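Scroll down for the structure; my scribbles are underneath it.
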Amino acid sequence: MRIDILTVVPELLTSPLNESILRRAQEKGLAEIVVHNIRDWAEGRHRQVDDYPFGGEAGMVLKPEPVFRCIQELKSQREYDEVIYTSPDGVRYDQREANRLSTLGNIIILCGHYKGLDHRIREHLVTREISIGDYVLTGGELAAAVIADSVVRIIPGAIGDEASALTDSFQDGLLAPPVYTRPAEFNGWKVPDVLLSGNFAEIEKWREEQALERTRLLRPDLLGET
Ligand code: ADE
């Protein structure tokens, strides 16, 4: 899949999108993530991307022209399934939405700007507004990185151990069970016996019980038990 991210602060996105699993997924050709600086589509000597809001409020608003020009150019090159805008006003992001987005071909993520963007962009270009939580960030770049990361890592082949993306917390609506590694005893604290038993049916049963127990304890809302 291809993810085009439009921002006025591209520097914020270079490191989170180019390390570890995301870097390898791109090297393997599973995903292509392209970051665009909206300023490259701005005109005039100062390449101005934002301006004072009509009506005299404080703060600067992202201008429509550079964003329209950038998205039009991208759309002339390929079809896009969604044009996402990251904003605290959007629908709350979750694993279900990450799964849905990971099945799409091409998406655009337009990063929010601190005082917002000209509303005509939202009315005429954006197809989905996404919030990563009920708090306000200085801009939408970190939210775009969260979305890109959560979507790319579940593309089949992105994680070496294919099964591990499926056993993530939330993939089955439950939190993940605890995991342990060597040594089997550390500081007198022992790994649960069942994990050392070699009995895979018992281990699987234990994992399911633990997942359910932890979800009931920590996130009863996921079970509809609030
Ligand atoms: N931009 C600012 N705050 C945000 C949030 N909570 N989610 C997505 N984009 C944002």
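Scan the range 130-166 for residues that are in contact with an Asp or Glu (Cβ under 9 Å, 6 or more places away or on another chain) and surrounded by fewer than 17 Cβ atoms within 10 Å (Cβ to Cβ) and jot them down. Correct list: P156, L166.
Looking only at the range 172-182, count how many residues are among the polar types (S, T, N, Q) and surrounded by 16 or more Cβ atoms within 10 Å (Cβ to Cβ). The qualifying residues number 0. With respect to the conditions (1) within 24 Å of G160 (Cβ to Cβ); (2) free of Cβ contacts under 8 Å to residues at least 60 places away in the same chain, R2 falls short on a single one, namely (2). Taking the range 168-208 on its own, how many of its residues are assigned to a helix (DSSP H, G or I) and in contact (Cβ under 8 Å) with a residue 12 or more places away in the chain? Final tally of qualifying residues: 6. The set of residues from the range 26-64 being among the charged types (D, E, K, R) and touching a residue at least 24 places away in the same chain (Cβ under 8 Å) comprises K28, E32, R39, D40, D50, E57, K63. Pairing each residue of the range 127-148 that is at positive phi with any residue that is near the ligand (Cβ under 9 Å from one of its atoms), provided the two are 6+ apart or on different chains, yields no C-beta distance under 6 Å. In the condition set (1) away from the ligand (no atom under 16 Å from the Cβ); (2) at pLDDT 95 or above; (3) within 30 Å of E19 (Cβ to Cβ); (4) part of a helix (DSSP H, G or I), A165 is compliant with all but (2). Based on what the data block shows, is E185 modelled with pLDDT of 95 or more, within 20 Å of E82 (Cβ to Cβ) and of a type in the set (D, E, K, R)? When the stated conditions are applied, E185 does not pass them.
The values are calculated or read from the model by the stated rules, or taken from the named source; none is laboratory data. Small disclaimer: the values here were computed from a predicted structure and weren't measured. We place every Cβ from the backbone using ideal geometry, glycine too, and count neighbours over all the protein chains shown.
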